[in-house]
Amino acid sequence: MMRKFVNAYGSVPYNEIVFARDKCNKPILRDVSLGLSFNVSHQGDYTVLVGETRKMTLGVDVMKLEYTGGKELQEFFRIMNRNFTSSEWNEINDSSVNEFEQIRMFCRHWALKESYVKATGTGITVDLRSIDFKTNSELKQNSVTTDTILNINGIKQDWLFQETLLDSQHCVAVALQENGKAPQMQNNLFEMISSDKLFANTVPLFSEDSEYTEKYFKKEEHP
């Protein structure tokens, strides 16, 4: 998907695209002169990419709105609440809603935190309790929510967060900042890309290796 984005918006042939990693280990384009910014996330049934044709700090996270752990939900919440501020936890563990809605809000807040730490490159090694999100609107399909507020150690931050539901089971959060400020930009919905469109105009990166292919298909399958 990253190669598709660079090819489409940077007009670079597939076999000339070279990726690297920055000091925070984030995937980047080696040729920084193109000014492209992008980030990828995958979970559940989706892989998502966000990209900008100008230099921007951005991060994305997709979450499937479910809990599949082996523990009881409240035990899971007891363990995980150390990663949230008290105000965030009041939103998540709201006793007036059912467990399904609590899980949805947990996933939404986790996606917001992930999008931010991916954008900044710090990862979840930082104290997540210093990162406080205040949601103000419900998420909907075919609509982008932009009124979520971020505070770091009690100080409001100048970031834009775009959130949406890809379907009834998956939420996405995108963190955006340009030159230290929340960018003024159009709210675009995610586009579903077919495999045909994804692989259009691709070219092989390596020459065909028939010997390797034969060895691969001779391997036994494991359940």
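Since every read-out is calculated from the coordinates, none of them should be taken as a lab result. In this text, all values refer to a predicted model and were calculated from it rather than measured experimentally. Quick reminder, even Gly has a Cβ in these numbers, built from the backbone with ideal geometry, and neighbours come from all protein chains shown.
For a straight C-alpha distance cut-off of 12 angstrom, the aspartates and glutamates reachable from Lys156 (same-chain residues fewer than eight places away being disregarded) are Asp132.
Cα-Cα pairs above 24 Å in the chain: how many percent? Mind showing how you got there, number by number?
Numbers: 12630 of 24753 pairs.
Here the long-distance tail beyond 24 Å is 51 percent of all Cα pairs in the chain.
Build a GNM of the chain with springs between Cα atoms under 10 Å apart, and of Arg78, Arg30, Arg108 the one that fluctuates most is Arg78. Sorted fewest first by neighbouring Cβ atoms within 10 angstrom, Leu128, Leu205, Leu112 come out as Leu205, Leu128, Leu112.
Determine, for each peptide in 181-192, 92-103, the mean count of other beta carbons within 10 angstrom over its residues, then list the peptides with the highest first. Before the final figure, lay out each step's value.
Values: 181-192: 11.2, 92-103: 12.9.
In descending order of packing, they fall as 92-103, 181-192.
Tell me what the chain gives for mean residue ellipticity at 222 nm when only DSSP H runs of n ≥ 4 count, each as -39,500 (n - 2.57), the sum divided by the residue total, rounded to 500 deg cm²/dmol.
Numbers: 6 runs with 60 residues, N = 223.
Here the helix-only value at 222 nm equals -8000 deg cm²/dmol.
Using a/c under 1.5 as the rounded threshold, could you call the stretch 70-161 rounded, prolate or oblate? The axes a ≥ b ≥ c are square roots of the C-alpha gyration tensor eigenvalues, and prolate needs a/b larger than b/c, oblate otherwise.
Working: a/c = 1.72, a/b = 1.21, b/c = 1.42.
It comes out oblate by the Cα gyration axes.
Computed over every Cα-Cα pair of the stretch 138-223 and binned at 10 Å starting from 0, the pair-distance distribution P(r) comes out as 13, 25, 22, 17, 17, 7 percent.
About the Cα centre of the chain, how large is the charge dipole given +1 on each Lys and Arg Cβ and -1 on each Asp and Glu Cβ? Please answer in debye to the nearest 20. Provide the component values of the computation, followed by the final result.
Numbers: 25 positive and 31 negative charges, 138 e Å.
My answer is approximately 660 debye.
In a Gaussian network model over the chain where Cα atoms closer than 10 Å are linked, find which of Met105, Met80, Met63 has the largest mean-square fluctuation. Between Met105, Met80, Met63, it is Met80 that shows the largest mean-square fluctuation.
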